[in-house]
Amino acid sequence: MKITIHRGTHQIGGCVTEYEYKGWKLFVDYGEELAGGHKTGKLEIEGLTRGNLSKSALLITHYHGDHIGCITELKKSLPIYIGKVGRDIQLVLSKHLVSVDGLQRKMINRLQSANTFTPGESFSFGPFTIMPIVIDHSAFDAYAFKIEADNVKVFHTGDFRTHGFRSGKLPKVIEKFVGKVDYVVCEATNVSRPDATSISERDLQQQFIKSFKKNSGNVVYLSSTNIDRLFALYHAAQKAHRLFLVDAYQRQVMDVVTQRDKLWGKSKLYQYGDNEPMVLQYERGEFRLNAKFKALLEEKGYVLIARANKRFDSFVERLPGNKLRYLSMWKGYVDAGNEAYNENLAAALGKDFKLLHTSGHCDMNNMRELFRMLQPKAIIPIHTDNPTKFAEQFCDEWPVITLNDGESISPISSKKMDHCSPFICCLGKKKNSEVIGPDNKETYWDIARKCLGSFYWKEAALFALNHAIYRPDAVLFKEVEEEEDYSAEYIQTYDKDMNPLSTYVEGEHWPDGDRYQEPCGFAPGDKVLAAIIPSYNTIIPATIIGPVTPDAYRKVYEEDELCHNHYDSFEDFEKEIWDFDWDAVVVRPLVRLDGMSEEVIVPRVFLFPYREVND
Ligand SMILES: [Zn+2]
């Protein structure tokens, strides 16, 4: 399966991801680039915006403009899949905007012909199996997808968080519907927004209740499709015994949710209590505020859900008494210096307002919990302006593959016969307790080998290695193995920075062969690190004696009881020494582990420059 990030490797918003297998293409999200920030402009993508569309489909994670906005450009023949309630909310929004934004007509048409899916029920498209998972976000009915083809499983998070009202269910949902995956394509919005608060929606609601009780006039600015916040505010107003005021459009959005099918039915959050939201009436292009209504507002107090526009501005102006304005959105919108600055919103809020908001995106600690559940081979960050920082955050536990827009990785099923595997080999646990000698001041380590998956071509495996960041301080070498055991036909090792260290290519290493005693780059007496894999799986410090000779193997034969019991003669044993074993070097271990001889034979490619490693 080929995973291509067409956009979103270095920007928040406008992400487009493609999963391709055997010519079938599954795209995830096709949205607009957000105001401000990095821009790439219009995309031309084979199988999405042009060319053969007969084996393509588009999945939409949620209705935010940066995920759905560009679907109006797509040909009708391209199937689109979206969650049903999310689609219905977007339809209400589009119908509301259609008089001022002609493009919304196209959006309505496109959505009316879209396919909907049911969370927790997998469906297939060509060779792909897709499992939609409801995930908590500031958009309602938002999804993550488990996408599977060729026995490769990917979890595509979409935008999400773990501090919403419904986030508590995520671990169970992951366990039941997802399990372990090979890769996570993960949103990483908040990695470079250290100020992004992530108090829970529940705690935020408590703050609103407190404030609504204290202040009788409350005007809250928030996104009209931030459903969970909207209902939290509705219930907060009920608790504070304030009237809850919305315009007709906002009420319609809320009604879509309360009238939704059984999926959300159990949650009290999405149900109206005794007092349903009050709808503002229009009169001559204004919201009506007659004396009777004024008196009611003064008597009961109110929570008005507002948006920054002329109609609301005028209404808020005319409201009686003291009014406290709240911003319940990302504060970047009213930071004059920010590229996403919204002048109207800033003007509506004025100087004195209360910021009560929590992010729609996950904070980094909770993300780690998700990755621990999914146990991926590697993580690919998208929807972020700082992939490097994301890698720094998580590379202690998982390889993070950072791509540029348009780049791909192409993992294949590990069950395929011919494949090669890239490994990042690190110093694992430091050990010094079992040291027998000769110098027990030396340290040795476990080998921690991290496999990035299976790839068909060596070049594809190398590409993954080249773009993966994993425990950079502990990396000893990286390698590409053509098969999963150690009888490799080809091994190439690299240093931390992917400079080639040494290469093994099968053939001609036996005595009198052309590559017999191939130079290893180390001279006798050099101190090195040697990876001793059979029986020990460790990295020990050692000094070089010299290239292996038949005499060294004779010594092994004589000293190793198992060996000389197994073979009738040294000549019989010698016949079974294969090419890889002849491409070896005799070393003297500086740490001798239990049962280890004073001289050990190590494959030439598993010797590395000695380095002191701090804890
Ligand atoms: Zn987004």
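Rule-based calculations on the coordinates, nothing more; no lab input. If you're wondering where the values come from, they're calculated on a predicted model, not measured in any experiment. Every residue, glycine as well, gets a Cβ built from its backbone with ideal geometry; the counts of neighbours run over all protein chains shown.
Structure above, values below:
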read-out: Proximal lysines relative to Lys268, as straight alpha-carbon distance under 18 Å, when same-chain residues fewer than 8 apart are discounted; value: Lys169, Lys239
read-out: Mean separation of Cα contacts under 8 Å, 6 or more apart, over the residue count of region 565-615: relative contact order %; value: 30 percent
read-out: Leading residue at positive end of dipole, region 24-80 (Cβ point charges), from Gly41, Ser54, Ile68; value: Ser54
read-out: Percent antiparallel among DSSP beta bridges (both partners in region 201-355, rounded to 5); value: 10 percent
read-out: Top positive-direction residue, dipole computed over region 417-609 with Cβ charges, set Val548, Pro500, Leu476; value: Leu476
read-out: Sites Glu339 and Lys415, calculated FRET efficiency, Cβ-Cβ separation with R0 45 Å, nearest 0.05; value: 0.40
read-out: Region 27-160 - share of DSSP beta bridges that are antiparallel (%, nearest 5); value: 65 percent
read-out: Listed residue pairs exceeding 24 Å between alpha carbons, taken from Lys323/Lys351; Lys292/Lys323; Lys294/Lys331; value: Lys294/Lys331
read-out: Ranked packing of 123-132, 343-352, 310-319, most packed first, by mean Cβ within 10 Å; value: 123-132, 310-319, 343-352
read-out: Pair Asn565, Gln375: separation of 7 Å Cα→Cβ label points (nm); value: 3.6 nm
read-out: Distance (nanometres) between label positions extended 7 Å along Cα→Cβ at Lys75 and Arg202; value: 5.0 nm
read-out: For the chain, share of DSSP beta bridges that run antiparallel, in % to the nearest 5; value: 70 percent
read-out: Cα-based helix-to-principal-axis angle, 201-214 vs the chain, degrees rounded to 10; value: 30 degrees
read-out: Cα gyration tensor shape for region 192-261, rounded if a/c is under 1.5, else prolate or oblate; value: oblate
read-out: Reachable aspartates and glutamates from Lys430, criterion Cα separation under 13 angstrom, eight or more residues apart if same chain; value: Glu442, Asp446, Glu612, Asp615
read-out: On Cα atoms only, tilt of 458-467 relative to the major axis of the chain in degrees; value: 60 degrees
read-out: Restraint check, Lys25/Lys153; Lys39/Lys153; Lys266/Lys354; Lys25/Lys106; Lys153/Lys377; Lys95/Lys146, Cα-Cα greater than 21 Å; value: Lys39/Lys153; Lys266/Lys354; Lys25/Lys106; Lys95/Lys146
read-out: Relative packing of peptides 25-32, 173-180 - highest average C-beta neighbours within 10 Å first; value: 25-32, 173-180
read-out: Cα gyration tensor, region 417-609 - rounded (a/c under 1.5), prolate or oblate; value: oblate
read-out: Degrees separating the helix 248-258 axis from the principal Cα axis of the chain, which is the longest one; value: 50 degrees
read-out: Cα-based shape type of region 201-355, given that a ≥ b ≥ c are square roots of the gyration tensor eigenvalues and the cut on a/c is 1.5; value: rounded
read-out: For region 201-355: relative contact order, % (alpha-carbon pairs under 8 angstrom, 6 or more apart); value: 32 percent
